[in-house]
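Q: What follows is a structure written as structure tokens; I'll ask about it next.
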Amino acid sequence: MIETLRSNFVRCMVVSVVAFWFAAALGAQTPEWKSYSYPADGFSASYPSEPEQQKRDIPTDAGSFELRSYITQVSPVALFIGVCDYGSAAAGQEPAKMLQGAENGAMENSHSHLVREKKITLGIYQGVEFESESDTLHFTARIYIVGTTLYQTLVVTPLGQQYASTTRFLDSFQLIARVAK
């Protein structure tokens, strides 16, 4: 089951990287930070411009899962939040193992290596924060497991470039009351 969820996360990260390059093609946007709330997905976060919302079905060995992503771009940086509810496929799984599988899958998919990592929490929920690098990109990610839902927060920058608002973006992610769609 962990391998299946790991495989699903790898596919989600493929979508993330593709979304980054798509966002980069859109050009720079004026950074005016504002908080955006998404009650159907149970979170709010601050972005420098309104994020583009995308939905994609990600096929896996355990079935198809919908990845809902919220992406904005501040050239050449991409800011991404992804939400994927695994439902019964994740029920009873250990959050620490799911997080480790998600982290490993992200690095495998992005052909990156680990720079640093640490365990974190968001309220009572377990998470992991890590940085990894490929030949051309730097990834700063925080991933949380909330029940059966995986939340991914990600900042992607060109290798060797820093984004001054990385912590601002990652720290702005908050869980809110989830409202049925």
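The values are calculated or read from the model by the stated rules, or taken from the named source; none is laboratory data. Quick caveat, the model's predicted, so the values are computed rather than measured. Note that we place each Cβ from the backbone using ideal geometry, even for glycine, and neighbour counts take in every protein chain shown.
Q: Going through segment 67-95 one residue at a time, which ones are more than 14 Å from the chain's Cα centre (by Cα) and within 23 Å of S172 (Cα to Cα)?
A: Q73, V74, S75, P76, V77, P95
Q: A further question on this structure: Report yes if I124 is touching a Pro at 6+ places or on another chain (Cβ under 8 Å) and not basic (K, R), otherwise no.
A: no
Q: I'd like to know if segment 50-66 contains one or more residues that are under 20 Å from Q174 (Cα atoms), in contact with a Phe, Trp or Tyr (Cβ under 7 Å, 6 or more places away or on another chain), in contact (Cβ under 8 Å) with a residue 40 or more places away in the chain and surrounded by 17 or more Cβ atoms within 10 Å (Cβ to Cβ).
A: No, that holds for no residue.
Q: Does any residue of segment 3-26 turn out to be more than 29 Å from V179 (Cβ to Cβ), β-branched (V, I, T), in a loop (DSSP other than H, G, I, E, B) and at pLDDT below 55?
A: Checking segment 3-26: not a single residue is more than 29 Å from V179 (Cβ to Cβ), β-branched (V, I, T), in a loop (DSSP other than H, G, I, E, B) and at pLDDT below 55.
Q: Against the conditions (1) in contact with a strand residue (DSSP E or B) (Cβ under 6 Å, 6 or more places away or on another chain); (2) modelled with pLDDT of 95 or more, where does D135 fall short? Just the number, please.
A: (1)
Q: Given the residues T140, T136, which is the only one that is in contact with a helix residue (DSSP H, G or I) (Cβ under 9 Å, 6 or more places away or on another chain) and either hydroxyl-bearing (S, T, Y) or surrounded by fewer than 21 Cβ atoms within 10 Å (Cβ to Cβ) (or both)?
A: Step by step, each of T140, T136 is checked, and only T140 is in contact with a helix residue (DSSP H, G or I) (Cβ under 9 Å, 6 or more places away or on another chain) and either hydroxyl-bearing (S, T, Y) or surrounded by fewer than 21 Cβ atoms within 10 Å (Cβ to Cβ) (or both).
Q: Given the criteria of a type in the set (A, V, I, L, M), touching a strand residue (DSSP E or B) at 6+ places or on another chain (Cβ under 8 Å) and either at pLDDT below 90 or crowded, with 16+ Cβ neighbours inside 10 Å (or both), does A45 qualify?
A: Considered against the rule, which asks whether it is of a type in the set (A, V, I, L, M), touching a strand residue (DSSP E or B) at 6+ places or on another chain (Cβ under 8 Å) and either at pLDDT below 90 or crowded, with 16+ Cβ neighbours inside 10 Å (or both), A45 comes out as yes.
Q: A further question on this structure: Given segment 105-181, what strands (runs of 3 or more DSSP E) lie entirely inside it while holding 2 or more residues that are under 13 Å from the mean Cα position of the chain (by Cα)?
A: 125-133, 137-146, 149-158
Q: How about segment 143-176: which of its residues are buried (at least 19 other Cβ atoms within 10 Å of the Cβ) and in contact with a Gly (Cβ under 7 Å, 6 or more places away or on another chain)?
A: Selection gives I143, Y144, Q152.
Q: Could you list all residues from segment 92-125 that are more than 18 Å from G160 (Cβ to Cβ), touching a Phe, Trp or Tyr at 6+ places or on another chain (Cβ under 7 Å) and not aliphatic (A, V, I, L, M)?
A: Of everything in segment 92-125, those that are more than 18 Å from G160 (Cβ to Cβ), touching a Phe, Trp or Tyr at 6+ places or on another chain (Cβ under 7 Å) and not aliphatic (A, V, I, L, M) turn out to be G101, E103, G105, E117, Y125.
Q: Of the numbered conditions (1) under 24 Å from K34 (Cα atoms); (2) in contact with a helix residue (DSSP H, G or I) (Cβ under 8 Å, 6 or more places away or on another chain); (3) surrounded by fewer than 16 Cβ atoms within 10 Å (Cβ to Cβ), V179 satisfies every one except a single condition; which is it?
A: With respect to (1) under 24 Å from K34 (Cα atoms); (2) in contact with a helix residue (DSSP H, G or I) (Cβ under 8 Å, 6 or more places away or on another chain); (3) surrounded by fewer than 16 Cβ atoms within 10 Å (Cβ to Cβ), V179 is out only on (2).
Q: Quick one: in segment 85-104, which of the residues that are crowded, with 16+ Cβ neighbours inside 10 Å and not in a helix (DSSP H, G or I) is modelled with the highest pLDDT?
A: Here the answer is D85.
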